[in-house]
Every structure is written in structure tokens, then in C-alpha cells.
1. What size of dipole, in debye to the nearest 20, comes out for region A:91-249 about its Cα centre when the only charges are +1 on Lys and Arg C-beta atoms and -1 on Asp and Glu C-beta atoms?
2. With θ set to phi - 60° and the Karplus curve 6.51 cos²θ - 1.76 cosθ + 1.60, what are the ³J(HN,Hα) couplings of region A:121-133 in order, to the nearest whole Hz, using x for Gly and Pro?
3. Mind ordering B:201-210, A:192-201 by average Cβ neighbours within 10 Å, highest first?
4. Between B:L190 and B:A531, what is the label-to-label distance in nm when each label sits 7 Å out along the Cα-to-Cβ direction?
5. For a label point 7 angstrom out from the Cα of A:A147 toward its Cβ, which stretches of region A:44-61 have the backbone nitrogen within less than 17 Å?
6. Just for region A:16-160, what percent of DSSP beta bridges are antiparallel, to the closest 5?
7. Between B:L197 and B:A458, take the C-beta separation as r, use R0 = 51 Å, and let me know the FRET efficiency to the nearest 0.05.
8. Which is farthest toward the positive dipole end of chain A among A:L163, A:V132, A:L225, measuring Cα position about the Cα centre, with Cβ charges +1 (Lys, Arg) and -1 (Asp, Glu)?
Amino acid sequence: MVTLPGKALTRRALLAAACAVAGGARPIFAAGGMRLAAVDWAMAETAMALGHPPAALAELIGFRDAAVMQPSPDTIDLGLRGAPNLEALSLVAPDLILSSSYYSAIQPRLERIAPVFTRALYVADEPAFPKVMALLGELADRLGDPAAGARLQAAARSEFAMLAGRAAPFARRDCLLFELGDSRHLRVFGTDSLFSGALEAIGLRNAWAGRTRFAFAAPIPLERLADYPEARLIVVGHIPPQAERGLGSAALWNSLPPVRAGRVHRLPELRPFAGIPSALRFGHELVAALEGRG
Amino acid sequence: MNRMILAGGAVTALALWSIAALSALPLADWPGLPWRTSDMTVQQILLAYGLMPRGVLALLAGAALGLAGALMQAVLRNPLADPTTLGTASGAQLAIVAATIFAPGWLVAGNLPIALAGAGAATALVMALGARRGFAPVTVTIAGMLVGLMASAVATAMTLAQGHYLLSLVMWNGGALAQVDWSGCRHMALVLVPALLLAAGLARPLMVMSLGPEGAHGLGLRLAPLRFATLLLAVALSAMVSAEIGLVGFVGLAAPAIARSLGARTLLQRLMLAPLAGALVLSLADGLLLALAAAGGPSLPTGTLTGLIGGPLLIWLLPRMKAQVPQRAEAGDRRSHRAPRPAWLLAGLAAACLVLAVLTLFGGRGPEGWGFIAPELRETFLPLRATAILAAASAGALLAGAGAILQRLTANPMAAPEVLGVTGGASLGYAVTIMAVDGAGPLALALGTSAGGALALAGLAGFAMRADLAPARLLLAGLAIGALASAVLGAIMASDDRRAWVILGWLAGSASQVSPLGAAALAGLALVLLAMLIGAARWLEILPLGAEVGRALGLPLARVRLGLILLAGLATGAATMLVGPVSFVGLMAPHLARAMGLARAVPFCAGSWLLGAVLMLLAAFGARTASYPYDLPLGLFATLIGTPWLFILLMKRTAA
């Protein structure tokens, strides 16, 4: 959809007025491209990878930790992802708002400010990885830069292929991917998760055959790990200090065959509901961790 | 008979646990003592270091909560006291949540010191207030629930602001009993055994105290140290449970009630029977979940279930209990002054409401700080803000109007939609609509929420009306409904469903999320409510005088009550859709109105209505600006603004 010139003018005028009022705020225009505002982080990451960084981002403070690519310092914070600040969003005067099915409840309100580009990326039982890969092309088309999408998809594929070569010696065992909540609970990344797709892209298999198991208040008890005596345990992300201490002395954890055999690998904090850059980062960290063990 | 009930409960709990244990590992394969982890299979370790300590921990933690509740009830002579209603558990929760987010290093040595500090601080605050009112049960419970509500609102906001990534917080809030070794049981036993001995020693002096302060002084008993020691013991027990397994509500309230109904007459009997009852309640709850999970069901945190069990249990117990709240102690509440010119006061309130609306419409916070919006931006910003402001003020007026009706209806200064479980019922209605109707629109949600609120209130009334709404019963029944509602909400959120996120988003909802049509509808409803309040002035004037007076004056009592209850339920339901289940505006506004001296029905109701709008306007402004651009939950902010105010009010009235 092409924005009507009149409408764009109003928004420009509005923005200029806002800056005049604010006194010294600097507008950022993506060079030659559209001015983007991202509510969804997977979208934001994908847009940044395509070379069209959003001028405004929801939950910018949280995004900056563990970001694969850091947004520029003059990026504007839009507030919570589930309830973005509509005033702040209007002030940004975006040409396009990037959202996802997580935020479908607020889409009508977003549409009143600017056209919304949205995709259902993370849906239970539907593998996210192919959709996130396809998003590179779709968003590039929408931004009028289809060459960038094709180029990045090809680059990502060849990078995963290179990682697959390095991971080949470890392909005999399946991997169990999870985050630790405390010394008794974890969250498992199932075959529908981004990391599971990345795992397959580098030629490894996910030991957990089901969907991603994580509910708001009922994560998986640690004892479920006992069902996977042969797997490699891949702990994604930072372990809370009291969990670290509890695990050291926990009879159950220490008796798990993979723990006894030293098949536990730790990865740094990574973003599970993100775009291809995070998937690639996961691949690099995983292969490095596996090789570190020899 | 009573022994049979206890034995039956114990056998059921054991049977439930055994289902889980035997389905995990046949008896023949159970490990023999002594256990050596190096020689055991993984399944044996799961049993010996997972299920077995879990079963024991359920007993120990339940006993600790039961004892804590019994001690609190004995020392305060208040059948409503327990770690949940006195704010103790929420204080511990807030402390742990804050430490997890801001100073995770403090938790390396274990949760207990932090939990103890939080629980102690919350309880001390409640007691400081209670002491000034002679520990009157209803006042102490109001204060405790306010502190608890404020603490858990802040904790919820902190959790939400951190996103759903902090798994440990989420788990902790749920009250999960899963174990990986025996350390939890060791810690709990180390606290529980000495606590039981101390409690046995405290039984005699506490019984002497129950003769009343004069009798106790006559026998040479010093009350202050006794009260302090008993409360400290109860707080320590509650903090221990909080530190080990998180929030497990209602066991401390249910256990002493069960002990009483089982015929525990002396205080010593009650103090010893309550831990037993608590252990059984928690074991039954956990056993049920274990058996459910073993049969392939979902695995839920136990804390979400204790509310499910505790609520209906209390409702069952209530008719078997005497109304135990001594009315004499609440006499101080009635000595309120009357404003000489209520009409002027009302006009002032209306003016304040308008001025505030205009100020918050134009003023605010942007990327560069505070100020009024520039003329060029008005076209875009004013509709957004006006919608939010209208919705917030209307919701406040609706809640406050419902609170005013309920207080008049029950002649109970504590009655409020939040206290009586009406907001809980409304939230349940919202949740059920979300789960049952795919892609439910705002109208379906509004209807569902209102129906939930009205149903909760109707059920409550139908049950409590028989006893002419004795305040203590009504309060307990309301607490039970509220706990049931939050248990069901918790279970839905635990159900790994995308729709659960919609509910979470609603809990964190802000006024800016309302559509213009929704705001207009809320405003219309609020105006209708005001008109009906004024129309029903005569009834509202007569009702607090009691049923006899009402009948003597020819009031069609049953129909009037039903109509007013439906009205309050609908108003609450509509407002709850916007502000979520927690706000306390419905309690605060009528209190404030009475404190201002608005005593007669029309000024009282209209004043409450206006005050509700004012409170919510302030809340909406605060929620919008306090951490710009991050919108905070509206209900949370309303609670934060109103609670200290109400505290000051409660404190001041003693002096008068």
C-alpha cells in the first residue's frame, strides 16, 4: 500500500511540530526508505538485518540486552509490546508498523496510526523457523528492497550449511533444548520453536518431539529430563543464582545420565521468539559449545 | 466421627500420592534403605528424591500454614486471620520478587531471610494499624487485605514489566511443590518442630488472654510481649513456606476452621489440630494434582489449587460456624460526623472531577518531559486521551457506585465489590468468555464479565441472606469466592494456551486500550447507575436500618435486594473489563465519602460515585505518566494511590 501524499505531509508536519515542542529531538529517517516502528521483536530483528532499522521499538530497554544487533542510540522507545504507548507511536509518525499475531488484539488501534505489516510467526505446533526465514523475503518485498531479502536468505542458508559441517561429528546424539527457571523447573523448546529449526538446519535433532512446553505458571518439572537419558542437555540462557546453587546439590539433577556423563552444554542468553539473526547466533553458540567439549 | 473424617482425609491423601508413585515405579522396584544415589536407577532416584520429599513437604508446609493461621487467629481473636488475609504471604512474595529482579545475589544464600523480612514488614504494618484500633478483627482484616493487595499488585507489576522470561518469578507466584532432594523438607522440619513446641507452650497464656484484657491483667499477664512472640512465630512459619514453595493461599484460613468444626474446643486442641488439618488439606491438594498428572492431565502448581479446595470448603463450613466477630469492637466506626452542607461538598467534588479531567486531558508527559500538549498535536492526541480518561473515570464511578450499594445493602463498612468476590466473579466471567467463545468481541466480553459479577454476588447473597448477612459470614464467603476466582484464573493461565496471554494482557491492561465506543458505553452505564442510585434513594436509606425496619416500612425486601444486587453486579462487571480484578476503588470511594461526612443515602451514593471517578482519573494519569512510555496497569495504580489514603483514614478515626 502506498501512503497518500497528503497524509504523509500531515504526519511530517506533525512530527516537525512535535520536535519543535520537544526542542531538540532529532528525527531519524531511514535512508531513502520507509520510517518503521516495530512492536514485535522478531520483526524488528528482521528489519534490522535487512538494513532498515526501525526508528522506534517497543520495550527498547529489554531489547538492548541480548540483542544480536544493537539498535542505534536515537531509537525511540514505544513502551510495552502488549500495550504500546499510542501517543509515542503517533509522535514517531511511522510509514509502516511491524507487528505480529501476538499483538492482534491491539491491531485496530495501530491501524489508525499507520499501515500495519503483521505475520503469525509463532503459533503452537507450527514450526517457526521456515516462517521466520520466509519473513526475510516478505518484509524485504514490503520495504521495496526484494534483492536484500534474497541475498540475506542465501547468506543465512550458506552459514547454516557451514555450521552443519562443523556440527556433523556431534550428530549421533539428539539435543534437548531448555531454559532453567529454578533448580526444579524448566522450559523446553519443542519442534515448533525457532531454536529447534536452527538445530535441524545445522543437521542436529531435537530430542523433545512435542511442542514447546511452557505455560505462564506451569513450566516443566526437572524430573521430565529423566525420560531422555541419551540426549545432550543444552541449557539456553542465564541460570538464576539460587538455581545454580540448588542444582549443585540436587540428587535428581546430578543423577541424570547426561549430567553424570558430562553432556551438559550452556549457551548464553538468546532470544527464543526472534528472527533469523538470533537463530544464526544460536547456531554459532551451540557449535562453539559442542566443540568446546571436544 | 471426627477421627473418622481426619482418617478418611489421610487415607485419601495417601491413596492419591500412591497413584502417582506407583504409576511412576511399581512397588517391587522401590529402592531399599539406605539409599545410595550411585547404585540407584533414575526412576528410583525420581521416587526417593522427587516424589517422596514432595509428599512429606506437602504435609510439613500444610502443617506450618495451619499452625500459623491458628496462632494468628488465637492472638488476634479473629477467625478471619491467616497469612493470606493479614498480608504476610504477599509481603514475602513482594520481597522475593523485588530481590529476584533487583538484587539476585541476595538470594544465593536462600530465600528465607528475604521472605522473612518482607513478611515481617507487611505484618508489622498491619499490626501498627491494628494496635490503634484495639485489634478489632474487621479493621485488622481490612488493613491486612489492603497491605496484601498492594504488595501483590506491586509484585505483579514487577513480574509483568520483566516480561514472561523470569521463570523463577512465575513459578514462585504459583506455589509449586516439585522437589529434587530432601533439603526443602529438612528446612521446613527444622522450623516446624520447634514451632509446634513453642505453640504448645503459648497455648495457656493465649487462653488466659482470651478472657479479655482485664482478666489477663488481673492474672498478671503482660499482653504486648505475648502478642509479639505469637505473631513472630506465625510470621516465621508463613515466611518459611513462602521461601520454600511460594504462594500457597487459604490453607492457614481453612485449617483452624476445620479444626473448630471438628470439635476442637480448647485452644491447645485447636493449635494442635489445625496443623494436622492444614497438612491434610495441602496433601490432598498436591496428591490430587500428582494423580492428575500421572493420569496424563496437566501439571499445575499446587498454590493454584489450594484456593480451589479452600474456597468451597469454607463456604461449606460457614453455616456450621457461629458469627464470631465481636461486634462491640467495631463500634468506633459508627461515630462519624456529618457534613453541614452535603450539596456544596458534592458540587466541589464534581468540580474537582471536571478540573482533573481537563488537566489530565491537556497535561502529560512526552519524550522530552512534562508539559501541556502543543496546539498542533491536539487533533491526534486529544481523541486518544479523551477516550482513555472517559473510560477510566466511568469505570471508577461504576465500581464506587457498586461499593456504595453493597455497603448500604449490608450495613457493613467493609462491603465492596473487591472484598465480596464480585470482581473475582467478573474476572472469571471474562476468562470463561475468552476460553469458550473464539475471538470474543468487546460486547460478548462485557456481557460475560457482567454475568460473572452478578452471578458471584447472587450466589453470595443467596447463601448469606439466610443469616441476614452477618458481616463476618459475608466477608468469609466473599473471600472464598475471591480465592476461587483467582485459583481458576491461575489454572487457566497455567494451561499453556495462547488465549491465556489475552487474559494476562487484560490483567495488565491500561485505559488507552479502550475503543471510543467502549468508553462511551461505560460512560453511559455510569450515568444510568447514578440515576438509579438517586431513584433508589429511599430504599438505600432504609436498608441499613435492618430487615425488621424495612419490613415494617413496607419495603418489598426480597425484590429490592435482588434488584440492587444485580445492579451492583452489572456495574462491577462492566468496570472490571477495563481495570482488571484488582483496584479497591469500590471500597475506598465509599469510605472516603463517609469520612467526608456524606451520611444520607443520596449524598453518600453520589459522593462515592464522584470520588470513584476522581480516584480513577488520578490513577489513569499516574499509570500513563509514571514510567512513560511504558503504560502501567490501571488497576495497579488505583490500588497504589488509594491504599495509603485509606490507611491514613483508618488511623485517624481512632483519634476522633
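Values in this text are rule-based calculations from the coordinates and carry no lab data. Nothing here was measured: the structure is a model prediction, and the numbers come from that model. As a convention, Cβ positions derive from the backbone with ideal geometry for all residues, glycine included, and neighbour counts pool all protein chains shown.
1. It works out to roughly 180 debye.
2. 8, 10, 10, 4, 6, 10, x, 7, 4, x, 5, 5, 5
3. Working: B:201-210: 17.4, A:192-201: 23.9.
Going from most to least packed, we get A:192-201, B:201-210.
4. 6.7
5. A:50-52
6. On the way: 2 of 13 bridges.
Once the DSSP bridges in region A:16-160 are tallied, antiparallel ones form about 15 percent.
7. Values: r = 47 Å, r/R0 = 0.93.
Efficiency, rounded to the nearest 0.05: 0.60.
8. A:L163
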